[in-house]
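Structure first, then comments.
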Amino acid sequence: MSFLMLALALSAFSFPLLKGLSLTHGRIQPSGFNGVSVVVGFGITAVVAAATSPLMAVAFILAVLMHDIGAALACRFIGHDVARVRLVPIPYFAAPRSDRHFDTALEESYVALYAPALAIAPMVLCFALFHTLAAPFPAAANIFRAAAIMIGAFNFVMLLPFLPFGGGHVVRAISEAFWPRMGTVITVFMTAAFFSAALKDGSIAMLILTGAGLQSLIHKRRQKLLTLSVNHALLVMSAYAFILCVHFTGGWWLLNSLM
């Protein structure tokens, strides 16, 4: 029960993240909720279900929608008039999240980190409900456990330093403030590490992440943005490291089983 009370307190403390959004100007609109997206989404969910379990696949849908809603909110917070919540937020397939480009690397980093940061409170709350309900209602507890683990694992993957993941944009923004080649070095190192793990353990998941790293290296360059100041770069780096570690801890069970 103490864990649940702490999780509720964390949720209350995170409420200010949702304040300040003007409902009179601009809008958040759904995008891609059509037949093609439903079929593609069903195919991806089926793959997740085959690799994990049907319950985890349902939690995957929840994690994806939660992440895209959070990113759309972040776009509205920085002043974009239109932000989209996509059913299948795959680059080159879905409509862009916003019709406007970012003006600064700080805005780009904020949007990349906002959704994973917002997801921490529901992830911890789901873990707390799992522990609270494990004895009296084990079936309900397993639902919350699956949701918590998938939220952690999904957001951890989204924070990997590969483009077009949010983590790739954050690492690129940080590297431009200190050493422009640092982002490429980190990507090469992570790609090599995943490839080595794939060869050693025969992990398909590691091989997929290796492919993600390779395509990140040939990702087209973005428009020039106002670089982070040193203070902002240190702040973004600290937030990125903290959020990454939290979601790695939350999704450890699933990440360990797949890798």
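For this structure, a couple of remarks:
- Scanning the range 79-103 for residues that are aliphatic (A, V, I, L, M), in a loop (DSSP other than H, G, I, E, B) and either in contact with a Pro (Cβ under 8 Å, 6 or more places away or on another chain) or within 16 Å of residue 165 (Cβ to Cβ) (or both) turns up 87, 88, 90, 94.
- Selection within the range 39-87 - open to solvent by 40 Å² or more (accessible area, probe 1.4 Å), farther than 18 Å from residue 155 by Cβ and either charged (D, E, K, R) or within 14 Å of the chain's Cα centre (by Cα) (or both): 81
- Residue list for the range 116-169, restricted to those being among the aromatic types (Phe, Trp, Tyr), open to solvent by 20 Å² or more (accessible area, probe 1.4 Å) and in contact with a helix residue (DSSP H, G or I) (Cβ under 6 Å, 6 or more places away or on another chain): 127, 130, 144, 154, 156, 165
- Candidates 122, 116, 161: the one that is part of a helix (DSSP H, G or I) and closer than 30 Å to residue 218 by Cβ is 116.
- Scanning the range 204-232 for residues that are part of a loop (DSSP other than H, G, I, E, B) and at pLDDT below 75 turns up 218, 219, 220, 221, 222, 223, 224.
- Answer from 86, 97 - the residue that is touching a residue at least 12 places away in the same chain (Cβ under 8 Å), of a type outside the set (Val, Ile, Thr) and touching a His at 6+ places or on another chain (Cβ under 9 Å): 97
- Exactly one residue among 17, 4 is open to solvent by 50 Å² or more (accessible area, probe 1.4 Å) and touching a residue at least 60 places away in the same chain (Cβ under 8 Å), and that residue is 17.
- Residues that are more than 25 Å from residue 176 (Cβ to Cβ), among the hydrophobic types (A, V, I, L, M, F, W, C) and either crowded, with 16+ Cβ neighbours inside 10 Å or within 18 Å of the chain's Cα centre (by Cα) (or both) do not occur anywhere in the range 102-115.
- Count of residues meeting criterion [under 12 Å from residue 162 (Cα atoms), at pLDDT 80 or above and either open to solvent by 60 Å² or more (accessible area, probe 1.4 Å) or part of a loop (DSSP other than H, G, I, E, B) (or both)] in the range 186-203: 1
- Of all residues in the range 170-185 being more than 15 Å from residue 218 (Cβ to Cβ) and open to solvent by less than 30 Å² (accessible area, probe 1.4 Å), the one that is farthest from the chain's Cα centre (by Cα): 177
- Residues within the range 31-54 that are at pLDDT below 85 and at negative phi, tallied: 7
- Filter result for residue 36 (β-branched (Val, Ile, Thr) and surrounded by 19 or more Cβ atoms within 10 Å (Cβ to Cβ)): no
The values are calculated or read from the model by the stated rules, or taken from the named source; none is laboratory data. Keep in mind it's a predicted model, so treat the numbers as computed, not measured. Every residue, glycine as well, gets a Cβ built from its backbone with ideal geometry; the counts of neighbours run over all protein chains shown. In case anyone asks, the SASA skips ligands and DNA or RNA and just uses the protein heavy atoms, side chains included. Shrake-Rupley method; radii C 1.70, N 1.55, O 1.52, S 1.80 Å.
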